[in-house]
1. Rounded to the nearest 5, what is the percent of antiparallel bridges among the DSSP beta bridges in the protein assembly as shown?
2. For the B and A pair, go ahead and give the buried accessible area with a 1.4 Å probe, both sides summed, in Å² to 100.
3. Taking C-beta distances below 4.7 angstrom as the pairing criterion, name the unpartnered cysteines of the protein assembly as shown, in sequence order.
4. Hey, got the dipole for region A:1-127? About the Cα centre, +1 on K and R Cβ, -1 on D and E Cβ, debye to the nearest 20?
5. Measuring with a 1.4 Å probe in the full set of protein chains, what accessible area per residue, in whole Å², belongs to the protein assembly as shown?
6. Give A:K59/B:K37; B:K384/B:K425; B:K59/B:K384; A:K61/B:K31; A:K206/B:K32 a once-over and call out the pairs whose C-alpha atoms are over 21 Å from each other.
7. Excluding same-chain residues fewer than 8 positions from B:K111, which aspartates and glutamates have a Cα within less than 14 Å of its Cα?
8. Once every DSSP H run of n ≥ 4 in chain B is given -39500 (n - 2.57) and the sum is divided by its residues, what mean residue ellipticity at 222 nm do you get, rounded to the nearest 500 deg cm²/dmol?
Amino acid sequence: MSAAREQILSGIRKSLGRGPLDETGMAPIRQRLQAPSRHIIPARVNLDAEGLVALFISKAKGVSASVDEVADMAAAPQAVARYLIKENLPARLVQAPGLADMDWSVAPTIEVRSGLAEEPDEVGLTPAVAGVAETGTLLLASGPETPTTLNFVPATHIVVLRRDQIVGPYEDAWDHLRANAEAAGSQPRAANFITGPSRTGDIEQKIEIGVHGPLRLHIVIVER
Amino acid sequence: MKTHPTSATFPSNASTALADPILQRALGNLKKGFPVKRAEVVADLPEFEALRDVARDIKDHTLNHLDAYLEIYEANVVQSGGQVHWARTAEEACETVMTICRDAGARIVTKGKSMVAEEIGLNNYLDTRGIERVETDLGEYIIQLRDEPPSHIIVPAVHVTKEQIGETFRAAHDGLDPNRDLTEPRDITDEARDRLRQKYFAAEVGITGANFLVAENGSSIIVTNEGNGDLTQTLAKVHIVVASLEKLVPTMEDAIAVLRLLARSSTGQEFSVYTTVSNGPKRPADLDGPEAYHVVLVDNGRTAMLGTENQDMLRCIRCAACMNHCPVYGAVGGHAYGWVYPGPMGAVLTPSLIGIENSGHLPHASTFCGHCEQVCPMKIPLTKMMRHYRNRAYASGHGSKIGRIALGAWSYLAARPALYRWVTKIAARGLGWFAGRRGSLSRVPLAGGWTEMRDLPAPEGETFMERYDRESRRKPRQEPRQEPQSGLGQ
Ligand code: SF4
């Protein structure tokens, strides 16, 4: 191992006035890592499922995302089509391979490609792992079915979220991701907590929505 | 590279800053913005205060077991296909980054905002070695074009007005249509978006900092609003994370607890737009993501801070709340501090990292109003630490000559109560007589700096001790209550 590594580790121990931790010293650390415990969870998420959905929607709107609700997956393509027309966007999008089940025959005017996003793709459509009601945040994970570029390259990002994916705190969302990772045998390369479209306050503190990431974030909530 | 003010010349930097009307306008925006929004979102989270204690304890626990957590973190990074490089000094860290860039055949390197990169001088290092470095955070991009250092750790271009940015873009952007409107922040933002797009795709290496490193899974976390950090790390072939040792936390739950404080304290948002957890390079079946993932772990003076009165500063999460609420920062801005870290956190961290001999003025850049400490989400005792550095600066012979003589005289008197009473009695009478009926003095010997801006109310002809004696003669003094004796001293 590198000399720098050894010197830094021994420097830390010297400063802390002890040697390497023995088994007894390591026990609390192992325990903390094996069974991570939650800290304080904000009381604002102590709500039933209905309440969490309402909180999620109001928080998401509060950070300049737009939200639509549809009855089922079959109705999602039309909701997407409506949104594209309303925002005067081209009838063309790239969708995550994970959404292959979506039946676009009900919205035949839309040109749909499946895969990652590149320039000059303008609209990306993805699923999510969870919606966090606490702050109207989405959790997305990368994978072969869900390339990360879809979340960042196109100027418009549309997310399809099932109602039962809406949870209270971030910790619940992360537990979903942990469970998926365990099932898949590996963690995702990237997990993105996304709260509204990109923004900056870098010029005279004036908030501008839409910088390098998406200018628009639209969330389609599917009842079942 | 232009020459920039240094920490050693804080007093003259500050005078220049106070006389700069453009800077004063920019700082006015800052005071109206972040503190107000912070107060609103903090009021909206009743758990905020309790979370500050939690966050402090998480970091203290991690720092006290830093060696063990770093080893576990490293093993988990390797497990997910990444590499960890340890760097003792700024130079070592820069060399490591440069070697990775060279191995990747890098010509263009995109870079997200990273304070530790500023600290180790990475920008200049890459620039002078044939790398085209592109800052992708809007504020960083603006100051890169202007060849200036950041003046704030969250909004690095806070000192620049929109008019100046428009001019900067016109001068720097080849082929820019002279008719393109660059007056409003929206126009400027669009122009920056267009320019930087191609760079993300062209870059061989993308460099980001980290807000957290997570031991549990070997992940790094960045917190941003613009989306530039994500484009930087997703589109380049190689992702390099540059992070200092103290970014470590044990678990995701620990990171989340601190995240609840970070954006609220910083920009007054409940949560930043993008909180990205990165774990190693692209998986075999993934369609996108970097092919390699490197973490450069930077010490640069941190291990020496552990176990000392400076350890508390290693809890800092660089939220900038302390400077956003600091009257001194608000008056002089970030450049006056002369190094990477301004405001109260800089007044403590800078002497820890570059030595009190190079920054003796900084711990004096405070009114001790204590606002920084009240808002610091990590409960860092900033004023106590500044006082500690003031003492050190004094002990090692830094500080003004008049100040040293005055303090020397005072400590001589304070050790001799009878003499002290006699001298203060004369001084109080004298000042009262000089002030006459106005009751205040516009000039006092040796305090010219203080009275330049305000008058000193004159003493009313009696010292505290005189009055105390007089009052206690009137009322019989209460006997101190007998406390039950503890075992101490027996
Ligand atoms: S010292 Fe505290 S308030 Fe200042 S940047 Fe660090 S964590 Fe934030």
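1. Values: 25 of 75 bridges.
Antiparallel: roughly 35 percent of the beta bridges in the protein assembly as shown.
2. 7400
3. So far as the 4.7 Å Cβ criterion goes, B:C94, B:C101, B:C316, B:C319, B:C326, B:C369, B:C376 stand without a partner in the protein assembly as shown.
4. Working: 14 positive and 16 negative charges, 212 e Å.
The dipole of region A:1-127 has a size of about 1020 debye.
5. Working: 30570 Å² over 714 residues.
Per residue, the protein assembly as shown has an accessible area of 43 Å².
6. Values: A:K59/B:K37 16 Å; B:K384/B:K425 32 Å; B:K59/B:K384 19 Å; A:K61/B:K31 27 Å; A:K206/B:K32 11 Å.
From A:K59/B:K37; B:K384/B:K425; B:K59/B:K384; A:K61/B:K31; A:K206/B:K32, over 21 Å: B:K384/B:K425; A:K61/B:K31.
7. Reachable aspartates and glutamates: B:D127, B:E132, B:E135, B:D137, B:E140, B:E204, B:E226, B:D230.
8. Numbers: 22 runs with 242 residues, N = 490.
Value at 222 nm, helices only, nearest 500: -15000 deg cm²/dmol.
The values are calculated or read from the model by the stated rules, or taken from the named source; none is laboratory data. It should be emphasised that the depicted structure is a prediction, and the values quoted were computed from it without experimental measurement. FYI the Cβ positions are ideal-geometry reconstructions off the backbone, even for glycines, and counts take in every protein chain you see. These accessible areas exclude ligands, DNA and RNA; they are computed on the full protein's heavy atoms, side chains included. Shrake-Rupley method; radii C 1.70, N 1.55, O 1.52, S 1.80 Å.
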